[in-house]
Amino acid sequence: MTLSAIPRRDEAASPIAVTSPFDGALVGEVAPASPRDVAEAVARAAVAQREFRRSTPHRRRALLDALAGRIADNAEALARTIAGEVGKTLAEARNEVRRAQNTLRLSGDAGTFLDGEVLHCAIVAGGADRRAVVTYEPVGVVGAITPFNYPLNLLCHKLGPAIAAGNAVVAKPSPKAPLAAARLAELALEAGFPDHLFQVVHGGADAALALARAPIDLLSFTGGPAAGRALKAASGLVRCLMELGGNDPLFVLPDADLDRAVATAIAHRFEIAGQSCAAVKKLYLHEDIADAFVERLVPAVKAVRTRDPLSETTDIGPVIDEQAAAIVSERIAATLAGGARLLAGGRRERALVEPTVIAGVEPDAPVIADETFGPVIAIRTFRDAGRAIEEVNAGAYGLQAGVFTNDHAIVKQFSRKLDVGGVMINEGPDFRAEHVPFGGIKMSGLGREGVRIAIREMSETRVVID
């Protein structure tokens, strides 16, 4: 049995069919796991972890490097799997495969520096001859629940630090895009991972809740706020790391390089058809450059090619399914009905949504009132930076923000006053480096990803005083 194969006790259970968002063609199937299957996977992981926790950082790094190597050997096949199940373009899928390798290798590197410290205790009475030795120990079994939009790299962001810290992992990918995760588990076995150290179970909400309720030691979840709350409630006192999305702004100030800012707005909003948690959901243009920016933006958006994601000439593929596309279309229509102006796009065909630009968007317009997973650039204009910051801070999310300016005073203002987890200067909010802390505040989540900090999040602090 491969690491990805979970016993099915209910032979009558139908397999989960995975279909192309573009044309509905069947691209694969996986077997659903019952709650009992999930519990047994966690039990097996606990046994494997009791042995693995004594492994050396050298051994853990070697395993992660070997898995990165197996991904490299199968890079094109993995990219086509991701493009088929998610609807990403081949260029986007290949980039994700590249980043996944980097995530695993950086995790192995971070594990070699999971150092503790020695503290003198003379600060307290009776402590003159005592020292505290602080070390970081594995938490145990990590439950990892991942979304559809980055089915390989987001799983590696959980797997890499967990293994580097000495843990076992039971993962449950999105039923909309489980195939890359299943293949990753097979590649882990080929790379020399011990049996049951990394397992993948498949299913929807029931499987996710079963994993949260199982005797895991840490739950790492990426998805929506409603699901996050349900899983937090189900997991009880288990430590939770949660990335729950964002409604991220990009601010463009009068001194900005407009051509660069336009290219960034398009790249950071239309990547994977606008289905990234840190994508440019709200574009704030200073009044002094708004017209000039739009004059550059609209023709560039109209030149974006939307069609078959498996074609090398496609710039944007579909959203994940027709239901998701319908939600985006409904929000566009409601926003236009509220008085906004359509500058480009606005139409959809099945799960394909045209790259869309809307101006004159009010703060409560449907396309920006909540996180919209679709290729829609919604424009707000501003004159007072402080008021624009207050408007963003009033929202429920606080993931990341981008600011285009070379004015140091404005950089300080935005970086210190925005209520977000990260501020990107002369860059879009969707920028991420695999080793840098990533996450947000408020409804955007709990804790941080990024391999250097995640490895600590997935460890327990132990103190020995003598």
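Look at R269 and say whether it is closer than 30 Å to T381 by Cβ, at pLDDT 95 or above, in contact with a Pro (Cβ under 7 Å, 6 or more places away or on another chain) and among the charged types (D, E, K, R). The answer is yes for R269.
Among the helices (runs of 4 or more DSSP H) confined to region 5-91, the ones with at least 1 residues that are surrounded by fewer than 23 Cβ atoms within 10 Å (Cβ to Cβ) and more than 23 Å from the chain's Cα centre (by Cα) are located at 35-52, 57-73. If the condition is being open to solvent by 10 Å² or more (accessible area, probe 1.4 Å) and in contact with a Gly (Cβ under 9 Å, 6 or more places away or on another chain), then region 393-404 contributes only Y397.
Which residues, counting only those in region 1-41, are modelled with pLDDT under 95 and under 14 Å from A181 (Cβ atoms)? Across region 1-41, the qualifying residues are T2, L3, S4, A5, I6.
Of the residues making up region 339-356, those that are open to solvent by less than 50 Å² (accessible area, probe 1.4 Å) and not in a strand (DSSP E or B) are A340, G345, G346, A351, P355. Only one of the numbered conditions (1) open to solvent by 40 Å² or more (accessible area, probe 1.4 Å); (2) not in a helix (DSSP H, G or I) is violated by A433, and that is (1). Among the candidates I377, I368, the residue that is in a strand (DSSP E or B), within 23 Å of the chain's Cα centre (by Cα) and closer than 20 Å to R331 by Cβ is uniquely I377. Taken over region 405-419, the residue count meeting the criterion of being outside any helix (DSSP H, G or I) and either within 26 Å of the chain's Cα centre (by Cα) or surrounded by fewer than 22 Cβ atoms within 10 Å (Cβ to Cβ) (or both) is 4. Picking from residues in region 123-145 that are touching a residue at least 40 places away in the same chain (Cβ under 8 Å) and not in a strand (DSSP E or B), the one that is nearest to V201 (Cα to Cα) is G140. Residues that are basic (K, R), open to solvent by 80 Å² or more (accessible area, probe 1.4 Å) and not in a helix (DSSP H, G or I) within region 446-466 comprise just one, R462. When G398, G402, G360 are checked against the criterion of being at positive phi and touching a strand residue (DSSP E or B) at 6+ places or on another chain (Cβ under 6 Å), a single residue qualifies: G360.
The residue pairs whose first member lies in region 242-258 and is closer than 14 Å to A290 by Cβ, whose second member is open to solvent by 10 Å² or more (accessible area, probe 1.4 Å) and hydroxyl-bearing (S, T, Y), and whose beta carbons are closer than 8 Å, counting only pairs six or more residues apart or on different chains, are L250/T264. All conditions in (1) buried (at least 23 other Cβ atoms within 10 Å of the Cβ); (2) farther than 19 Å from E449 by Cα hold for C277, with the sole exception of (2). The number of residues in region 211-234 being basic (K, R) and buried (at least 18 other Cβ atoms within 10 Å of the Cβ) comes to 1.
Being modelled with pLDDT of 95 or more, more than 26 Å from P57 (Cα to Cα), outside any loop (DSSP other than H, G, I, E, B) and among the charged types (D, E, K, R): is that true of R183 here? Break it down into steps so the answer makes sense when it comes.
Numbers: modelled with pLDDT of 95 or more: yes; more than 26 Å from P57 (Cα to Cα): no; outside any loop (DSSP other than H, G, I, E, B): yes; among the charged types (D, E, K, R): yes.
No; evaluated as a whole, the condition is false for this residue.
Out of P194, P254, one residue alone is more than 18 Å from the chain's Cα centre (by Cα), closer than 27 Å to G116 by Cα, open to solvent by 20 Å² or more (accessible area, probe 1.4 Å) and at pLDDT 95 or above. It is P194.
Within region 15-28, residues that are over 18 Å from A273 (Cβ atoms) and touching a residue at least 60 places away in the same chain (Cβ under 8 Å) have Cβ atoms under 7 Å from residues that are open to solvent by 60 Å² or more (accessible area, probe 1.4 Å) and charged (D, E, K, R) in these pairs: I16/E29, counting only partners at least 6 apart in sequence or on another chain. Among the conditions (1) more than 30 Å from Q275 (Cα to Cα); (2) out of contact with any helix residue (DSSP H, G or I) (no Cβ under 7 Å at 6 or more places or on another chain); (3) among the polar types (S, T, N, Q), the only one that T112 does not satisfy is (2).
This table checks each residue for (1) modelled with pLDDT of 95 or more; (2) under 17 Å from the mean Cα position of the chain (by Cα); (3) open to solvent by less than 20 Å² (accessible area, probe 1.4 Å).
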site	(1), (2), (3)
R99	yes, yes, no
D109	yes, no, no
L114	no, no, no
I123	no, no, no
I145	yes, yes, yes
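Taking the condition of being surrounded by 17 or more Cβ atoms within 10 Å (Cβ to Cβ) and either within 17 Å of I145 (Cα to Cα) or of a type in the set (A, V, I, L, M, F, W, C) (or both), how many residues in region 436-445 meet it? Within region 436-445, residues that are surrounded by 17 or more Cβ atoms within 10 Å (Cβ to Cβ) and either within 17 Å of I145 (Cα to Cα) or of a type in the set (A, V, I, L, M, F, W, C) (or both) number 5.
Looking only at region 170-185, which residues are of a type in the set (A, V, I, L, M) and either open to solvent by less than 10 Å² (accessible area, probe 1.4 Å) or in contact with a Phe, Trp or Tyr (Cβ under 8 Å, 6 or more places away or on another chain) (or both)?
First pass over region 170-185, keeping only residues of a type in the set (A, V, I, L, M): 170-171, 177, 179-182, 184-185.
Matches in region 170-185: V170, A171, A177, A180, A181, L184, A185.
The values are calculated or read from the model by the stated rules, or taken from the named source; none is laboratory data. The shown structure was predicted, so the numbers you read here are calculated from the model rather than taken from an experiment. Glycine also receives a Cβ, built like all others from the backbone with ideal geometry; neighbour counts cover every protein chain displayed. For accessibility, only protein heavy atoms count, side chains too; no ligands or nucleic acids. Shrake-Rupley method; radii C 1.70, N 1.55, O 1.52, S 1.80 Å.
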